[in-house]
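Have a look at the structure below, then the notes.
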Amino acid sequence: MTVGSMENVEVFTSEGKGRGLKATKEFWAADVVFAERAYSAVVFDSLINVVCHTCFKRQEKLHRCGQCKFAHYCDRTCQKDAWLNHKHECSAIKRYGKVPNENIRLAARIMWRVEREGTGLTEGCLVSVDDLQNHVEHFGEEEQKELRADVDTFLQYWPPQSQQFSMQYISHIFGVINCNGFTLSDQRGLQAVGVGIFPNLGLVNHDCWPNCTVIFNNGKIELRALGKISEGEELTVSYIDFLHLSEERRQQLRKQYYFDCSCEHCQKGLKDDLFQAVKEDPKPSPEVVKETVQFSKDTLEKIDKARSEGLYHEVVKLCRECLEKQESVFADTNLYVLRLLSIVSEVLSYLQAFEEASHYARRMVDGYMKLYHHNNAQLGMAVMRAGLTNWHAGNIEVGHGMICKAYAILLVTHGPSHPITKDLEAMRVQTEMELRMFRQNEFMYHKMREAALNNQPMQVMAEPSNEPAPALFHKKQ
């Protein structure tokens, strides 16, 4: 399917939601509904020297633009491809004498494109940038203050020889970025590296239990079906992570996107009982539950502080203590238990204490499987990490099983050509081979594994970060 071919979808008025997109044909799990390149996109301020400004891939050695010394590219090809969008930016940075923040850089790039092509529909777009929602009228006092500061800086940065836009239009563009900015991830999908505007994607409404997911792959986003979608059915994605109580999700959506979620999961509070589940036999008293909730909240705050200071052994100690206190009170799908299991398994893997990490990772996956949609991208990534942890711990059967499960999910959510799916496929083949060897001769398997691990540096898990997994939509913090 070509990028920008939009015959699979059409704009319609979605009841209670305003505009939306619906399918014009039937789709099945893993189908790409549409792909779209960014109208405009920029690299985050903190990563301008390590991420290519054209393809958003992380690279060790990047070429720097000789003129402004700001833009960085993989090679001459990326630099040449960027020139149309970088030309005005290059001279504006030189004139302004410094580099403005990512929001201002993105607004300027959008307006240079509007100057070049006009405000109408561009090829393959179902909606123009002018017609995207900006929600400026819903901004609170703090947001209004930030908007005024951004507009002031923008006016100093914007070259006098470029087309001059009204204050209202500039505010509209900042509003659009605020509620339609989509997070771009690096080539492996593990780190958020930039923000872009994708007008067609901006038309897809939210549902906490959606029928589609969005992935950024090889310079474009893909809207991928998570299961069967009938002709005429509305297409939805989730703007936020599902693992929150329905009231918390609604508050988050109200605060960040200015709407009240009326999806079935929010209206009926589906899965809320599992999110707050307590042990059945014996059932703890409400007082004990309340006390354990408070203890868990306090511990999570201490953990955040310890993580930010790199005190990983302290993090592990705090997690163990809290999990022990939760043991007789909370069930395994309780969100407080799952948050701790996720943190402790990640940190222990980083510290190479794989045996203990694998036990926690298994419990985490068991809980996630009961809560997430079976084709959820975050579930797939969590199962992949748990599979790798178990493989490192020498639990070859469990590790291989999880890697296969993760691969099946990522084929749907990321597709076979995504780098992380390819990595997982290689891992699946390797663990399958090891498993065969293990079943034929367990003693020989352990001998060979030991030798292999001694000869090659063990693949160490990335250092745990306080950053959550890249969210779909980029919100200014």
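The values are calculated or read from the model by the stated rules, or taken from the named source; none is laboratory data. The shown structure was predicted, so the numbers you read here are calculated from the model rather than taken from an experiment. Note that we place each Cβ from the backbone using ideal geometry, even for glycine, and neighbour counts take in every protein chain shown. Accessible surface is based on the protein model in full, side chains and every heavy atom, while ligands, DNA and RNA are left aside. Shrake-Rupley method; radii C 1.70, N 1.55, O 1.52, S 1.80 Å.
Overview of values
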read-out: Under the span-like rule (Cα at least 18 Å along the axis, Kyte-Doolittle mean at least 1.0), DSSP H helices of the chain; value: 335-350, 396-413
read-out: Listed residues Glu137, Glu115 arranged by accessible area, highest first, probe 1.4 Å; value: Glu137, Glu115
read-out: Computed accessible area, Arg37, all protein chains, 1.4 angstrom probe, square angstrom; value: 130 Å²
read-out: Average accessible area per residue (Å²) across segment 401-450 - probe 1.4 Å, nucleic acids and ligands excluded; value: 54 Å²
read-out: Percentage relative contact order, the chain, counting C-alpha pairs under 8 Å, at least six apart; value: 16 percent
read-out: Listed peptides 334-343, 416-425 by packing density, highest first (mean Cβ within 10 Å); value: 334-343, 416-425
read-out: Largest-first ordering by accessible area, 1.4 Å probe, given options Thr119, Thr24; value: Thr119, Thr24
read-out: Reduced Cα scattering model of segment 324-370, Debye log10 I(q)/I(0), q = 0.31 Å⁻¹; value: -1.11
read-out: Value at 222 nm in deg cm²/dmol, rounded to 500, when DSSP H runs of n ≥ 4 in the chain each add -39,500 (n - 2.57); value: -16000 deg cm²/dmol
read-out: q = 0.13, 0.22 Å⁻¹, segment 243-381: log10 I(q)/I(0) [Debye, one scatterer per Cα]; value: -0.64, -1.38
read-out: Segment 184-332: relative contact order as a whole-number percent, Cα under 8 Å and 6+ apart; value: 17 percent
read-out: Interchain or long-range residues, amide H under 5 Å from Ile229's placed H; value: Phe27, Trp28
read-out: Protection proxy ranking, peptides 101-111, 232-242, average beta carbon neighbours within 10 Å, highest first; value: 101-111, 232-242
read-out: Gyration tensor verdict on segment 352-463 (Cα atoms; rounded if a/c is under 1.5, prolate if a/b is larger than b/c, oblate otherwise); value: prolate
read-out: Rounded FRET efficiency, nearest 0.05, which uses the C-beta distance separating Leu435 from Arg188 and R0 of 25 Å; value: 0.50
read-out: Isotropic mean projected area of the C-alpha convex hull, segment 6-76 (nm²); value: 8.3 nm²
read-out: Cross-link table Lys271/Lys405; Lys17/Lys87; Lys17/Lys297, entries beyond 29 Å C-alpha to C-alpha; value: Lys17/Lys87; Lys17/Lys297
read-out: Virtual spin-label span in nm between Arg449 and Asp130, 7 Å along Cα→Cβ; value: 6.4 nm
read-out: Net charge of Cβ neighbours under 14 Å - reference Glu231; Lys, Arg +1; Asp, Glu -1; value: -3
read-out: Amide H within-cut-off set for Asn205, under 5 Å, with H built and near neighbours excluded; value: Leu21, Val237
read-out: Overall form of segment 118-277 per C-alpha gyration tensor (a/c, 1.5; a/b vs b/c); value: prolate
read-out: Label point distance in nm, Glu301-Glu248, each placed 7 Å from Cα along Cα→Cβ; value: 1.5 nm
read-out: Global form of segment 83-203, assessed from the alpha-carbon gyration tensor, a/c cut-off 1.5; value: rounded
read-out: Efficiency of FRET from Cβ geometry, Asp75 and Glu143, R₀ 35 Å, rounded to 0.05; value: 0.30
read-out: Distant alpha-carbon pairs in segment 1-155 (separation over 20 angstrom), percent; value: 62 percent
read-out: Distance histogram in 20 Å bins (all Cα pairs of the chain, percent per bin); value: 21, 52, 25, 2
